[in-house]
Structure formats: structure tokens, C-alpha cells
Amino acid sequence: MAFQQGLSGLNASAKQLDTIGNNVANANTVGFKQSQAQFADLYATSLAGSGALQVGTGVKVANITQQFTQGNITNTSNSMDTAISGQGFFRMVDQNGAIVYSRNGQFQLDKNGFIVNNQGHQVTGFAAVNGRISGAQPTPIQISSADLTPKQTSNLAAGGVPIGAGLNLDSRSTFPTGLTQAKVVGNAAAGLTIPAGATLSATVDGVASGAVTIPAGTYTTSAALASAVQTAMNASAALVAAGKTVVVTADAAGILTMASGSAGTASTITAPAGTAAATLFGAAPVLTATGTGVFNPLDPATYNNSTSLTVYDSLGSSHIASLYFQRVASNTWNTYLTVDGAQLPAAGTPMTTLTFNTLGQLTGPAAVPPLSIGQVTSASFTPAGAAPQTLTFDFAKSSQYGGNFGVNSMTQDGYTSGRLSSFATSSDGTILGRYTNGQTRPLGQIALANFTSPQGLQPLGNNSWAETASSGGPLVGAPGSSSLGVLQSSATEDSNVDLTAELVNMITAQRVYQANAQTIKTQDAVLQTIVNLR
């Protein structure tokens, strides 16, 4: 008779109680993975080869395995805390340069800007070079606190992104009336009498009005005469058909001015000399004049619509770029540009002309490689102390429909300098830095590692493990790739210990321990009986 079975049971139960106790103790340890005691029975070696009459010699603890099931994820107020949802481990470098692995994502920055855990182990990942993540060998991630240098608003030819101008120009818009066009000036004294049959003719942008009869009568004011002339001229069938108009005004001094009411390029009005003209305009009228079609950004009457955006020079200084849209013909719009109030390329010269088809779709400016249709580059300008620059505008998404003028989008690719204000980790491990100028930039990417057999990892304490031959080599990659899980910022993974289940397991292990103790006690009583035989 032997006590081996009961003794082995006591040892195994004690080991199980130790395991359960460790689980309970770490129920609140972030990233902790519970362990499980696994048992195997014991048999003595039989040389006879038959096991029909063999009795087992007890039990042993075959293995203490860790259960790498997912723990609950809890949100925190620390933006650097990071939880893994799914498979994988954070890849860390300890103070001795050894690689260790952990599920605890309670991170912080050390004095040198490295991301570290509570033990000072550095988190490794992929570095960001010029705002792009490199796929090289993982290295400790260091967050640079350097200012983000300014970026000049660029042009397409230099590799920049064109300024996007998605807008709608109202096809119902009338021609602006505030342009200084052709005009004829004469005298119109009060009390002027127009005889019956007096005619006047004019040519506007090459369109002849034909003889226009001015209503006969005595006009007591120059304004009344101006109104009569304007009404008569604008009733001309030829001018109406061509969409041309004239505006006739008179000031307090009796100066009569006939101006083109059509916007666009320079117009010409011709008032041929004759009895009627001489009577109307006096002895020495100015009968022919050519306008200049002047655009004035300070005079809203010279354009239909405008919009502005901020652009930046090479020093990061901001400038206001304003676009003005002036309808000059059906489906045709002159577009003017000012930067800080200065017109480009020159005063009164459009930057480009936008044209549309009868469906309201953009047809011009035409594509001039490397620019596509709707793209146009401004003249160069040089801000004080900064490098010369041009602006490339992209009107490809613009339209001309019978709706109100509206800017759907207006973007540009420049920015001023900025300081790092905060950063957060995205689900794929990319650490995005946010700067005071509103820009975001990748600062690095946290790498994850997984193993063919995580149960083969060697526990090192401090919520970390080391690679072993049983675990296999690490499979390193970006979160979300292959079988790797994803990351959640401002969160940690709780211990996966089920406290209720562990307390039940503890009761069971205690009962098993007591039962094995009873086995030893019973065997001792039997042995005592044998010893007492006489």
C-alpha cells in the first residue's frame, strides 16, 4: 500500500489553488491573461505489457497554460493608452535591448519623446519619413515635438495639389452694369425742343441700331430727355435682338452721357453727326468713343459674384486670394484674381475665362498639358521676403445652372507653421499628430507581433512575455493586417480573469484537496490496522 496517489493529488490541487490565487490577484491587472492548471494521470511502467490490472499512481500537473482570450476594453482619459482588439502583442524593447511582448497598452512619453510603458520599455513600430510611414524594420517610436514647417500654396506644375473651386455660377445672372463702356457725351440744356422726325443712330459692339426716332416735344429737364433717348434707343429691334443696351444719363449741369449697358470687352458707340444729333448734343458733341471694359474689385457693380480663400507663402504668412466672376456673354464668364487686393496678372485683365455648354457643364479653359480642362495657373507674385509663387486653380467641378451662386468647395494645399498640440492612435496603429495650424501628420505606426503558439511564450512578469522555441518566431506587421487585431486609442484591455468562475474553481480545488487528504488519512488507518495485527 502507498500514499503516492493521495500525495500527488495534494500537490496537484495545491498547484491549482496557486494558479487560481494568481488569477484572482490579477483580476484588475491591465492586459493580464489568466492561467489554467492542466492535469495528467500517472501510471507505473508495466513490463508485462498488460494493463488490465494496473492501478494508476496518481496525478501530475501537466502544464500551466495561459488563456489568450480577449479581455474587455475600457475607455480612459489618457490619449496615449492603447488597447488591442484581437490577436497580437505590442513589441517592446527593454532597457537591455531585449525584445519583449505585452498586451498592456498603458503608455506615456519619456523625457526623450519615446513611447514607453510603466517599466520604461520602448514601444516599437514603423517610423514616419516626411509624413509617410516606412515599412522598414520596427524601431522604438519617438515623437518629434518640432514645429511643422510652413508649406507654400503650390501649383500643379510644381507637384502641388491645385486649389479646388467647386462652385455654381447662376445662368440667370444679368450682365453687370457698372463697367465703364463706350459713351457719347453732349449738352442737353433744359427746355430743349426736339422737332418731329428727329433721329439718332448708334453702333454698340458693332451692332447698328438703325435710325431711332426721338419723341418730339419740349423737354423741361435734361433727365427727361435722357430717359426719352434711352427708351427710344433700347427699343431698337437690332439692339434687342443682339442683347445690347445703352444707358443714357444726365447730370445737373445738363451733360448727357450715353454709355453701353453691356458688360464684357470694350464696346463702341457711334452717334453719326447730323441735324438731329447736332440738335441733341449741341454744337460740338463727342460723337464717337470706345470703352475699356474696366473691372474694379472695389465696385460690386462691375462683377456678378466673388469668393475668397486664404493662401500661404513659403514663410507661412497668409494672404487673401479673391476670385471675381463677371458674366460677359451667354455661358461665358471672365474670372479675375486678386491677392491681397492686387490684381493678377494686371489690373483689368482676367486670369481666365470660364465657358459652359448648354447643359451647364464646364468646357473651358481648355486643357494645356500638364494642366487638365478647367485648370489654370495664375501669374507669379512675390510676397515680401518670401519665394515667388503661382497659384493653380481647378474649376473642373464648377457648373452653370439656373440656381443661386454657391461655393460647394474651396480648398488649397498650403499652411502656416504649427506646433504639435496632441496626437492619437488610429485603428491601424498610425499615430496622427495634430498641430496648431489645423494640420495632421503621421508621426509613426505602432507594430504588433503574433505567434503561431502564444501559449509557448515565456512569462517574464510585468505583463510581458518572451519568445521561445515553443512559441515560434514573431509575425510582425501593422495592426489590422493578416491575423493581427486593431488598436483602440484612449482605452486599455482589462484582465480576462472571470472572477466568479475563479471563485467557483477555488471551491472545487479546495474540495479536491480535502478529498486527497482523506485518501491519505484512510490509507494511514488501513496501515495502522495492519501494523496492529498480531
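A few notes on this one:
- Flag if T338 is at pLDDT 90 or above, surrounded by 17 or more Cβ atoms within 10 Å (Cβ to Cβ) and in a strand (DSSP E or B): yes
- Qualifying residue in the range 232-242 (condition: hydrophobic (A, V, I, L, M, F, W, C), at pLDDT 85 or above and more than 57 Å from the chain's Cα centre (by Cα)): yes
- A single member of P350, P369, P345 is under 29 Å from the mean Cα position of the chain (by Cα) and of a type outside the set (K, R), and it is P369.
- In the range 353-365, the qualifying residues are those that are within 31 Å of the chain's Cα centre (by Cα) and outside any strand (DSSP E or B), and the one that is surrounded by the most Cβ atoms within 10 Å (Cβ to Cβ) is P365.
- In the set A509, A466, A478, A501, only one residue is within 19 Å of I115 (Cα to Cα) and at pLDDT 90 or above; that residue is A478.
- Per this entry, F451 is not counted among residues that are modelled with pLDDT under 95, surrounded by 15 or more Cβ atoms within 10 Å (Cβ to Cβ) and either out of contact with any helix residue (DSSP H, G or I) (no Cβ under 9 Å at 6 or more places or on another chain) or under 26 Å from N130 (Cα atoms) (or both).
- Within the range 110-131, the set of residues being assigned to a strand (DSSP E or B) and farther than 14 Å from I446 by Cβ comprises just one member, V129.
- Screening V407 with (1) part of a strand (DSSP E or B); (2) more than 21 Å from the chain's Cα centre (by Cα); (3) under 19 Å from H319 (Cβ atoms) gives one miss only, at (2).
- Subset tally (residues that are in contact with a Leu (Cβ under 9 Å, 6 or more places away or on another chain), farther than 30 Å from T76 by Cβ and surrounded by 20 or more Cβ atoms within 10 Å (Cβ to Cβ)) for the range 379-435: 10
Here is a yes/no grid of residues against (1) polar (S, T, N, Q); (2) within 16 Å of T153 (Cβ to Cβ); (3) out of contact with any Ser or Thr (no Cβ under 7 Å at 6 or more places or on another chain):
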| position | (1), (2), (3) |
| --- | --- |
| F405 | no, no, yes |
| D413 | no, yes, no |
| S427 | yes, no, yes |
| I431 | no, no, no |
| T436 | yes, no, no |
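- Listed by first and then second residue, the pairs linking a residue in the range 518-534 that is under 12 Å from L7 (Cβ atoms) and of a type in the set (A, V, I, L, M) to a residue that is assigned to a helix (DSSP H, G or I) and at pLDDT 85 or above, with Cβ atoms under 8 Å apart and 6 or more places separating them unless they lie on different chains, are I520/L7; I520/L10.
- Index of the failed condition, A515 passing every other in (1) at pLDDT 95 or above; (2) among the small types (G, A, S); (3) part of a helix (DSSP H, G or I): (1)
- Cβ-Cβ under 8 Å pairs, at least 6 apart or on other chains, the range 195-221 side of a type in the set (D, E, K, R), far side at pLDDT below 75 and assigned to a strand (DSSP E or B): D205/S260; D205/T268
- Taking the range 14-37 as the range and being hydrophobic (A, V, I, L, M, F, W, C), crowded, with 16+ Cβ neighbours inside 10 Å and farther than 15 Å from T508 by Cβ as the test, the residues that pass are V30, F32.
- Residues in the range 106-135 that are hydroxyl-bearing (S, T, Y) and touching a residue at least 40 places away in the same chain (Cβ under 8 Å): T124 only.
The values are calculated or read from the model by the stated rules, or taken from the named source; none is laboratory data. Given the structure is predicted, the values throughout are model-derived calculations rather than measurements. Glycine gets a Cβ as well: all are built from the backbone with ideal geometry, and neighbour counts include every protein chain shown.
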